[in-house]
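Asker: Quick one: structure below, then a few questions.
The values are calculated or read from the model by the stated rules, or taken from the named source; none is laboratory data. Owing to the predicted nature of the structure, the values given are computational and were not obtained by experimental measurement. Cβ: placed from backbone, ideal geometry, glycine included. Neighbour counts: every protein chain shown. With ligands, DNA and RNA removed, areas are computed over all heavy atoms of the protein, side chains included. Shrake-Rupley method; radii C 1.70, N 1.55, O 1.52, S 1.80 Å.
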Amino acid sequence: MSRRHQLSTIRGMISARQREVCCDLVGQAEKLALSRADQALSISDICRTLSVRERTLRNAFTKVHGVPPCRRLRILRLLHARKVLLAADRKLTTVTKVAAAFGFSELGRFSVEYRKAFGESPSQTLDEKIPTCCSGVNGDLGATSRAEFA
């Protein structure tokens, strides 16, 4: 085996290990954020809890999802809010309650981001129960590329 090939193999092993570490860190951060979805934890809070630097967390999210942590976590909260709205009874819940339950304190901003992600307002989702985008939202929210809006 040539020296060049050996170096390439070693780099590949390091890269695979780095990706595994990044995926693990991102998974922990997402789990933590969603366990307290009503609080919309700051990135600083998440970093303190996980004992990592903000730059490390940002780099991990960018490597795994191609977006910074604040954007990815907001998308996950939007997806969970949509899931609740789709399953909710209009007589028992409101968009305001669902938005607040997922840490969205500015209802106008929630509505704008929701419409941008799903092509309809949150109240339309609650009223009509007809998914227009990401209709396959289930327990596995790993594939959210359609909702990861620019």
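Asker: Which pairs do you get when a residue that is within 21 Å of GLY103 (Cα to Cα), found in region 41-68, comes within reach of a residue that is outside any loop (DSSP other than H, G, I, E, B) and open to solvent by 50 Å² or more (accessible area, probe 1.4 Å), reach meaning Cβ atoms under 7 angstrom, with the pair 6+ apart or on two chains?
Answerer: Short answer, once both residue conditions are applied: ILE43/GLU54; ILE43/CYS70; SER44/GLU54; CYS47/GLU54; LEU50/GLN28; PRO68/ARG58; PRO68/THR62.
Asker: OK, next. Looking only at region 73-104, count every residue that is open to solvent by 60 Å² or more (accessible area, probe 1.4 Å) and in contact (Cβ under 8 Å) with a residue 40 or more places away in the chain and tell me the total.
Answerer: Within region 73-104, residues that are open to solvent by 60 Å² or more (accessible area, probe 1.4 Å) and in contact (Cβ under 8 Å) with a residue 40 or more places away in the chain number 1.
Asker: If you don't mind, another one. Can you confirm whether GLN6 is at pLDDT 95 or above and either outside any helix (DSSP H, G or I) or open to solvent by less than 90 Å² (accessible area, probe 1.4 Å) (or both)?
Answerer: Working: at pLDDT 95 or above: no; either outside any helix (DSSP H, G or I) or open to solvent by less than 90 Å² (accessible area, probe 1.4 Å) (or both): yes.
No; evaluated as a whole, the condition is false for this residue.
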